[in-house]
Each structure stands twice: as C-alpha cells, then as structure tokens.
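Asker: Just passing along the structure, written as structure tokens.
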C-alpha cells in the first residue's frame, strides 16, 4: 500500500469535516508505506509517523528524528512551523488517524474474528479469562489481551499495558487472525478509550462490569471517567450485544446506547441472573438463568464478585451463540487468574494466605467482604496505595481495611516518585478512626517484603492473611526505578519459614 492509498482510505473512514487534505503533495505520496507509529524512536524508512499530543510532550517536537530515520509521511494536528523535507498531512485528531491507519495497514483483522471488549473498573481481567476459556471449550481458538498477559497463537507474554497502543493492538489482532483465532477477548481500559487506541476495532460485543473510583489522576472526575468507559458502547455496531451490569448505577445509563442490550444482575431483574449460590473457599456453585436456558456452573473461583464475572462471561458468550455446554465446561476449566484471589497457602498450612490485585477502596472492600466469612478466625490485611496516582482513595482504603480486618499492616505498593512514608501516612489517617471504633490493630511498615513476612508471622492457626494491591505484578516501582518483586513469591517464602518454625516448635 502506498502512502496515498493509505491516506485515501483514512479519508473515507473519517467524518467529512475531519478528512485530511493531501492533494497538493502530488507524487511525493506515491511511495510504499510499510508501517505506522507514534514513537519517533521506532521509525524506519518507509514508515508513517503520527505526531500525537501526550500528557508531557507533543509528538511534533520529534518530527526531525522521525524524518532523519526515513519517515515516508508526517501526520500531525498542526502544519509545520518550518519547511518540511517529508510530506506533511494535517488531521483534526492524530490519535484517531493513528488508530485507523494501523487498522488499514493490518488489513482490519478484527473484521474476521468475534472481538469481545470488556471495560469497567473491577472484574475485567477475570471476566476476560472466563470468556477466553468458554470460547476455547466451544472449539473456537481465542486470543486474549489484558492487564496480566497477551495470549496469541503459539506464544504468550506479559502485558506492558492493559490495552496496547493502536499499532501494536492491530498487529496482535492480525497475528491472532492469521494464527486461526475465531475470537479475541480484550480488556479495554478507560485510558485506551479516551486515547482512541481501539477506535478502529470492529467489536462483536461489549461488556460493562462496574464503575468505582479509580484513575482520577488521569480523568478530571467520575463523569469524565464514565464518559471514557461509555465510548466502548458508542463504538459497538447496533446489532452487537451490549452486556451490562445493571446492579451498577451507571449500567442503566448505557441502555440508550445499546442496539441490543443484554443485562445481568444479582440484585435486580435482568436478562441473566444467578440462582441460589453456594459459597466456599473451594469455589462457587450456582445456576445461570438466561433467556434461553439455565446453565449449571461449578467454579473454583471464590466470592460474590466472581458471581458477577461469571454472569458477564456467560451472558456475552451465549449472546454470541456459544452453546450452554461450552459455558459450563469453560467456566469449570478455569482454575484461577494470576493475582486475583490467588490462594498461595496449601492444605498442609494451618493458615490461609491470599494474594489479590485490589488497589482501590471499592476493590479492597469487595475483597475483604469476600474474605471475611471465609476466615475461620482473624482476617489480617497487608496492603498499600500506589504513588503518582489518585490520592483521594488512600484514606478510603485505610478506612475499608480497618473496618473489615482484625489486623491491618499498611505498607508500600508502587510508590513511584513519591515518598513511601507520606503515602503510608495518608492511608493510616483513614484507618485510625475506624480502627478505634472496630478494635482493629494497625501497624505501618514501609518495606513490603518485611510487611508480608510480618503479616504471616502474626497469623495464628485458622487466620486468613490477605496481601492486596499488586496481585500478578512482578516488580515494584520505587523512586522512578523498577525492582523485581512478587507478592506470591514473598508470601510463599513466609509460609516456608512458618512451616520450618512449626516443625522446630
């Protein structure tokens, strides 16, 4: 494809008032376009460079580097200030142009698969894993993109971000389609939706899990945050199922956008609901009632939030024609999700240790409300709050932990560029008053490894220890540097030490 052909296709994809003008550039555009990127460091001869505006810099500042690397065309939101040696095309929205150019160069792979987009604050990852397992149980090869991992035919690797930038996203969809995938499930983050990374994806269905406080360091307020989530449903074709949790107050607001609404709920009448649920540390058992039939579910996933995740996965897959039997087999085949209520202890241990990704006040509340009835004796919670992120949730997390735990150990999460002690102090302020009322013991310990070891050492037979905040992550960000760190590995180390101590005793 030449640069001209790519720009002509881009013009057809965009609204009439947003179409780029490039006729005056003449034959300079009649050269092959091999790829597109917004990163000047990646440009190679024959690539298109799209100069997007970032939070800290403007891509047009890096045009000289892109030109020197052999860029075939520059696409930007403003004309050059100096004469350009490379053809320059002005567009209204560079990120939108990037998304469509990437999709065109990849051949629109999402049109040949059933792509399910999952958005919301909590539950995206587990719901995506469940959808993936159900498609695979139905004999449909299914790709996966999300917070934990990218799973493509023949390979899997750790996710750099929940939803990749548009060129990487389209390249992975292309690889999935070429590798025989008939479906893909992807978490679609609010950042990705606000930044238009998924604008050129053809979604077969969308799922909304819930909306609670998060990412207010990026979004102006909760309305802005919801507006980003809502964009997934604005992108859906009118005949695509919009699977929405209507127990969440925001869910009902999505109904007007949906050409084909499929609602699910636990507490309200909906298209998809659960029968009576049996809860235990070994998992869940219940019926999923759909408009067509009732599906019996047995799952090793634990707790009420996973009832919602299973309902969402069953609702979207059955709406896409997956048989009930495959839903049953797919859900039962998923033994767990990394860092999501991940049980680290074994039956040989006299305590239970759980690692979870909960890193907002609402997610922490859900986690501890789920853990509380499963603890034979005390609930011990080890957690922290991330730096360079929404500060308003820190005292709220402290309040939740002190209200629902017997012992709270406040530690570092990913302090990033902030002072860990200051973050801990902000969390501790929220925990103090609640701890006095509830009688909880609260300690602070900045070193996360020591905090996890301390929580396990404090435990007595029958106690449940929850380590929250980082889940599947294998690193800790401190003072701008990333260091290897794994909550699961440290918790296992603490349990090994405990077993040795018990044997000696």
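Asker: Quick one: which residue in 440, 435, 491, 459 is buried (at least 19 other Cβ atoms within 10 Å of the Cβ), under 30 Å from residue 161 (Cα atoms) and in contact with a strand residue (DSSP E or B) (Cβ under 7 Å, 6 or more places away or on another chain)? Please lay out each step first, then the result.
Answerer: Values: 440 fails: under 30 Å from residue 161 (Cα atoms); 435 fails: under 30 Å from residue 161 (Cα atoms); 459 fails: under 30 Å from residue 161 (Cα atoms).
None of the other options fit; the residue is 491.
Asker: Can you find even one residue in the range 90-101 that is more than 21 Å from residue 198 (Cα to Cα), out of contact with any helix residue (DSSP H, G or I) (no Cβ under 7 Å at 6 or more places or on another chain) and touching a residue at least 40 places away in the same chain (Cβ under 8 Å)? Don't jump to the end; show me each part of the working.
Answerer: Of the range 90-101, the ones more than 21 Å from residue 198 (Cα to Cα) are 90.
Of the ones still in play, those that are also out of contact with any helix residue (DSSP H, G or I) (no Cβ under 7 Å at 6 or more places or on another chain) are 90.
Filter once more, keeping what is touching a residue at least 40 places away in the same chain (Cβ under 8 Å): 90.
Scanning the range 90-101, I find at least one residue that is more than 21 Å from residue 198 (Cα to Cα), out of contact with any helix residue (DSSP H, G or I) (no Cβ under 7 Å at 6 or more places or on another chain) and touching a residue at least 40 places away in the same chain (Cβ under 8 Å), so the answer is yes.
Asker: Of the conditions (1) buried (at least 19 other Cβ atoms within 10 Å of the Cβ); (2) closer than 26 Å to residue 103 by Cα, residue 209 clears all except one; give me its number.
Answerer: Looking at each condition in turn, residue 209 falls short on (2).
Asker: Considering each of 14, 25 in turn, give the residue that is out of contact with any strand residue (DSSP E or B) (no Cβ under 7 Å at 6 or more places or on another chain) and within 21 Å of residue 192 (Cβ to Cβ).
Answerer: 14
Asker: A follow-up question, please. I'm checking my understanding of the structure. Among residues of the range 137-167 that are closer than 20 Å to residue 99 by Cβ and touching a residue at least 60 places away in the same chain (Cβ under 8 Å), which one is surrounded by the most Cβ atoms within 10 Å (Cβ to Cβ)?
Answerer: Result: 166.
Asker: So, one more: Taking the options 404, 320, name whichever one is in contact with a strand residue (DSSP E or B) (Cβ under 8 Å, 6 or more places away or on another chain), over 26 Å from residue 448 (Cα atoms) and surrounded by fewer than 24 Cβ atoms within 10 Å (Cβ to Cβ). Talk me through it step by step, then tell me what you get.
Answerer: Values: 404 fails: over 26 Å from residue 448 (Cα atoms).
Testing whether each residue is in contact with a strand residue (DSSP E or B) (Cβ under 8 Å, 6 or more places away or on another chain), over 26 Å from residue 448 (Cα atoms) and surrounded by fewer than 24 Cβ atoms within 10 Å (Cβ to Cβ) leaves just 320.
Asker: Please determine whether any residue of the range 48-63 is free of Cβ contacts under 8 Å to residues at least 40 places away in the same chain, under 16 Å from residue 105 (Cα atoms) and in a loop (DSSP other than H, G, I, E, B).
Answerer: Within the range 48-63, none of the residues are free of Cβ contacts under 8 Å to residues at least 40 places away in the same chain, under 16 Å from residue 105 (Cα atoms) and in a loop (DSSP other than H, G, I, E, B).
Asker: In the same structural domain as residue 408 (by TED's automatic domain parsing) and either loosely packed, with under 14 Cβ neighbours inside 10 Å or without any contact (Cβ under 8 Å) to a residue 12 or more places away in the chain (or both): is that true of residue 479 in this structure?
Answerer: Numbers: in the same structural domain as residue 408 (by TED's automatic domain parsing): yes; either loosely packed, with under 14 Cβ neighbours inside 10 Å or without any contact (Cβ under 8 Å) to a residue 12 or more places away in the chain (or both): yes.
So residue 479 passes the test.
Asker: Mind checking whether some residue in the range 168-186 is closer than 22 Å to residue 250 by Cβ, in contact with a strand residue (DSSP E or B) (Cβ under 7 Å, 6 or more places away or on another chain) and surrounded by fewer than 23 Cβ atoms within 10 Å (Cβ to Cβ)?
Answerer: The initial filter retains those residues of the range 168-186 that are closer than 22 Å to residue 250 by Cβ, namely 185-186.
Those left that are additionally in contact with a strand residue (DSSP E or B) (Cβ under 7 Å, 6 or more places away or on another chain): 185-186.
Restricting the remaining residues to those that are surrounded by fewer than 23 Cβ atoms within 10 Å (Cβ to Cβ) gives none.
No: the range 168-186 contains no residue that is closer than 22 Å to residue 250 by Cβ, in contact with a strand residue (DSSP E or B) (Cβ under 7 Å, 6 or more places away or on another chain) and surrounded by fewer than 23 Cβ atoms within 10 Å (Cβ to Cβ).
Asker: Here is a further query. Check every one of the helices (runs of 4 or more DSSP H) wholly within the range 324-426 and list those with 2 or more residues that are in the same structural domain as residue 133 (by TED's automatic domain parsing) and more than 30 Å from residue 499 (Cβ to Cβ). Break it down stepwise before answering.
Answerer: Details: elements: 324-333, 361-371, 393-404.
So the answer is 324-333.
Asker: For the structure I just gave you, tell me whether residue 67 is in the same structural domain as residue 8 (by TED's automatic domain parsing), free of Cβ contacts under 8 Å to residues at least 60 places away in the same chain and part of a strand (DSSP E or B). Steps first, please.
Answerer: Details: in the same structural domain as residue 8 (by TED's automatic domain parsing): yes; free of Cβ contacts under 8 Å to residues at least 60 places away in the same chain: yes; part of a strand (DSSP E or B): no.
So residue 67 fails the test.
Asker: State all residues of the range 287-315 that are assigned to a strand (DSSP E or B) and within 24 Å of residue 339 (Cβ to Cβ); if no residue qualifies, say none. Talk me through it step by step, then tell me what you get.
Answerer: Step one: filter the range 287-315 for residues assigned to a strand (DSSP E or B), giving 287-289, 294-299.
Within the range 287-315, 297, 298, 299 meet the criteria.
Asker: May I ask you to list the residues in the range 375-387 that are under 27 Å from the mean Cα position of the chain (by Cα) and surrounded by fewer than 24 Cβ atoms within 10 Å (Cβ to Cβ)?
Answerer: Residues satisfying the conditions are 386, 387.
Asker: Is at least one residue of the range 416-430 in contact (Cβ under 8 Å) with a residue 24 or more places away in the chain and more than 27 Å from residue 481 (Cβ to Cβ)?
Answerer: yes
Asker: For the range 436-459, name all the residues that are in a helix (DSSP H, G or I), at pLDDT 95 or above and over 31 Å from the mean Cα position of the chain (by Cα).
Answerer: We begin by selecting, within the range 436-459, every residue in a helix (DSSP H, G or I); these are 436-438, 448-458.
If we keep only those that are at pLDDT 95 or above too, we end up with 448-458.
Residues satisfying the conditions are 457, 458.
The values are calculated or read from the model by the stated rules, or taken from the named source; none is laboratory data. Everything numeric here is computed off the predicted structure, so don't read it as measured data. Virtual Cβ from ideal backbone geometry, glycine too; neighbours counted across all protein chains shown.
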